[in-house]
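The next block holds one structure in the form of structure tokens; read it before the comments.
The values are calculated or read from the model by the stated rules, or taken from the named source; none is laboratory data. Model, not experiment: these values are computed from the prediction. When we count neighbours, we look across all protein chains shown, and the Cβ atoms used for this are built from the backbone with ideal geometry, even at glycine.
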Amino acid sequence: MEKSIISEGKTTNEAIEKGLKELKVSKNMVDIKVLENEEKRSFFSILTPRVVKVQLTLKEDIKDISNIKKEKKEIELSTEEQEKAKNNLEKFLMDFFEKIDKDIKYSIKTSNKWINIDIKNPNLGFLIGYRGETLYAFQNILSSIASKGIENKVRVILDIEGYKAKREKSLEELAEKIAKVVVKTKKSVTLEPMQAYERKIIHTKLQNSEVVETKSIGEEPRRKVVISLKRNK
């Protein structure tokens with residue numbers, strides 16, 4: 001999918017709609033810039049056909065998410081690869097938890113797209129870390145371990161004591177709260193740096209809002225979400 005395109009039409013709305021159809025996205029997924037407005041016409045051009053040009057740029061996080069979805073469809077694990085990946089993980093986790101706590105319980109579920117690992121133990125806060133930083137780092141390590149001896153890279157989805165569901169709920173509540181603050185003060189609010197997965201939660205929660213919009217700024221790992229009033233409000 002292209003990151004940016006230029007679309008033409010007799011009116012601004014027509015140009016935007018054509019561009020959205022070409023990109024196959026909704027309006028909230030792009031930044032729009034009018035390049036040539038229908039009102040800016042000189043005396044010499046009054047007899048020429050009216051043309052409006054707009055530039056539609058896919059929002060960075062939406063682009064990243066689209067690419068991730070595309071990769072998921074392309075990579076499929078065979079039954080043998082799933083079994084191999086599961087054995088790799090079971091061997092590692094058994095040895096790993098043997099040194100930490102023998103009472104740690106975990107389950108491994110395989111599919112042709114990814115492998116889910118769910119760990120249960122209330123004393124594993126150190127494996128979650130500040131806002132899940134350690135959890136995501138551990139998840140990447142497990143992905144590498146699962147992929148050992150396998151041609152395709154295995155995507156591992158790790159959760160510990162239901163942390164991700166709790167974090168998602170917390171971020172959705174934060175998004176709603178900040179949106180109200182933005183509407184009340186009419187000033188944009190920039191959130192603290194977040195991982196792509198967490199930024200996606202904020203974007204998704206507010207994507208259908210009629211009064212506020214979101215965008216990401218900065219570079220990884222300090223990329224942030226900005227919530228602001230929509231320009232027509």
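State yes or no: is ALA179 closer than 30 Å to ASN121 by Cα, in contact with a helix residue (DSSP H, G or I) (Cβ under 8 Å, 6 or more places away or on another chain) and of a type outside the set (Val, Ile, Thr)? Break it down into steps so the answer makes sense when it comes.
Numbers: closer than 30 Å to ASN121 by Cα: no; in contact with a helix residue (DSSP H, G or I) (Cβ under 8 Å, 6 or more places away or on another chain): yes; of a type outside the set (Val, Ile, Thr): yes.
The answer is no for ALA179.
Listed here are the residues, each with its yes/no results for (1) in contact with an Asp or Glu (Cβ under 7 Å, 6 or more places away or on another chain); (2) modelled with pLDDT under 90; (3) not in a loop (DSSP other than H, G, I, E, B).
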| site | (1), (2), (3) |
| --- | --- |
| MET194 | no, no, no |
| TYR197 | no, yes, yes |
| ILE202 | no, no, yes |
| LYS205 | yes, no, yes |
| SER209 | no, no, no |
| SER216 | yes, no, yes |
| VAL225 | no, no, yes |
| ARG231 | no, yes, no |
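Does segment 84-123 hold any residues that are touching a residue at least 12 places away in the same chain (Cβ under 8 Å) and assigned to a helix (DSSP H, G or I), and which are they?
Listed by number, the residues that qualify are LYS84, ALA85, LYS86, ASN88, LEU89, GLU90, PHE92, LEU93.
Scanning segment 156-182 for residues that are under 16 Å from the mean Cα position of the chain (by Cα) and either in a loop (DSSP other than H, G, I, E, B) or touching a residue at least 40 places away in the same chain (Cβ under 8 Å) (or both), which turns out surrounded by the most Cβ atoms within 10 Å (Cβ to Cβ)? Full working, then the answer.
First pass over segment 156-182, keeping only residues under 16 Å from the mean Cα position of the chain (by Cα): 157, 164-165, 167-169, 171-172, 175.
Remaining after also requiring either in a loop (DSSP other than H, G, I, E, B) or touching a residue at least 40 places away in the same chain (Cβ under 8 Å) (or both): 157, 175.
Values: ILE157: 16, ALA175: 22.
For segment 156-182, the residue satisfying everything is ALA175.
Just checking, which of LEU124, LEU93 is surrounded by 15 or more Cβ atoms within 10 Å (Cβ to Cβ), hydrophobic (A, V, I, L, M, F, W, C) and within 28 Å of the chain's Cα centre (by Cα)?
Numbers: LEU93 fails: within 28 Å of the chain's Cα centre (by Cα).
Only one candidate qualifies: LEU124.
Taking interchain pairs and intrachain pairs at least six residues apart, which have beta carbon atoms under 7 angstrom, with the first residue in segment 126-138 and touching a residue at least 60 places away in the same chain (Cβ under 8 Å) and the second surrounded by 17 or more Cβ atoms within 10 Å (Cβ to Cβ)?
Once the first residue is touching a residue at least 60 places away in the same chain (Cβ under 8 Å) and sits in segment 126-138, its partners that are surrounded by 17 or more Cβ atoms within 10 Å (Cβ to Cβ) give GLY132/TYR163; GLY132/ARG167.
I'm checking my understanding of the structure. Among residues of segment 96-121 that are over 19 Å from ASN152 (Cβ atoms) and of a type in the set (Ser, Thr, Tyr), which one is surrounded by the most Cβ atoms within 10 Å (Cβ to Cβ)? Steps first, answer last, please.
As a first pass, look at segment 96-121 and keep what is over 19 Å from ASN152 (Cβ atoms): 96-107, 118-121.
Those still in the list that are of a type in the set (Ser, Thr, Tyr) too: 106-107.
Numbers: TYR106: 16, SER107: 9.
It comes out as TYR106.
Taking ALA137 and the conditions (1) modelled with pLDDT of 95 or more; (2) assigned to a helix (DSSP H, G or I); (3) closer than 30 Å to ASN87 by Cβ, which numbered condition does it fall short on, given that it satisfies the others?
Evaluating ALA137 over (1) modelled with pLDDT of 95 or more; (2) assigned to a helix (DSSP H, G or I); (3) closer than 30 Å to ASN87 by Cβ leaves (1) as the failure.
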